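The values are calculated or read from the model by the stated rules, or taken from the named source; none is laboratory data. If you're wondering where the values come from, they're calculated on a predicted model, not measured in any experiment. Cβ placement follows ideal geometry from the backbone for every residue including glycine, while neighbour counts extend to all protein chains displayed. With ligands, DNA and RNA removed, areas are computed over all heavy atoms of the protein, side chains included. Shrake-Rupley method; radii C 1.70, N 1.55, O 1.52, S 1.80 Å.
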Amino acid sequence: MIGRLNHVAIAVPDLDAAAAQYRGALGAEVGPPHDEPDHGVTVIFIELPNTKIELLYPLGADSPIRGFLEKNPSGGIHHVCYEVADIVAARDRLLAEGARVLGGGEPKIGAHGKPVLFLHPKDFNGCLIELEEV
Ligand code: CO
């Protein structure tokens, strides 16, 4: 059911420093910061030949990234995003398999303007999974 790895999201304690490091030391194509108020994050997209990296930084007091950075002060992998062809069919299959879908189970529009869902990390080996319909 899942297809390509769409992106790996990394929470960072200093967005400017992380962007400079990916641009400089790692020599990557680093985009400008985007505020995503609906998701409580400022995001920088990094295009790699086979996938994307998203650097996440908290935006607003209720940002879901804030608690993550308190537990992981030097940053860390926050989630991975897999592509699916039909997000509602994917959700129904996962619910039937006993997996928990976060936020009530209705797809939301994600950072790329496409429908997304998040799956509970405790059901997936401690890894927060985002599904994006492409
Ligand atoms: Co994501």
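Below are the figures for this structure:
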{"quantity": "5 angstrom amide H check on V41, placed H, neighbours 5+ away", "calculated": "E36, L59"}
{"quantity": "Computed [θ] at 222 nm, deg cm²/dmol, the chain (DSSP H ≥ 4; -39,500 (n - 2.57); rounded to nearest 500)", "calculated": "-5500 deg cm²/dmol"}
{"quantity": "Accessible carbon and sulfur surface of the chain relative to its total accessible area, %, 1.4 Å", "calculated": "53 percent"}
{"quantity": "Surface per residue (accessible, 1.4 Å probe) for the chain, Å²", "calculated": "56 Å²"}
{"quantity": "Built amide H within the under 5 Å cut-off of H78, gap 5+", "calculated": "A9, I10, A11"}
{"quantity": "Kirkwood Rh in Å, taken over all unlike Cα pairs in the chain", "calculated": "15.4 Å"}
{"quantity": "Value of relative contact order over region 1-91, rounded to a whole percent, pairs C-alpha under 8 Å and six or more apart", "calculated": "40 percent"}
{"quantity": "Gain in span if fully extended, R93 to R4, counting 0.36 nm per residue against the direct Cα distance", "calculated": "30.2 nm"}
{"quantity": "Sparse-neighbour loop sites [GluC sites (Glu not before Pro); region 28-134; at most 13 other C-beta within 10 Å; DSSP]", "calculated": "E97"}
{"quantity": "In order through region 79-92: 3J(HN,Hα) via Karplus (6.51 cos²θ - 1.76 cosθ + 1.60), integer Hz, x for Gly, Pro", "calculated": "7, 10, 10, 9, 8, 10, 7, 9, 6, 6, 5, 5, 4, 5"}
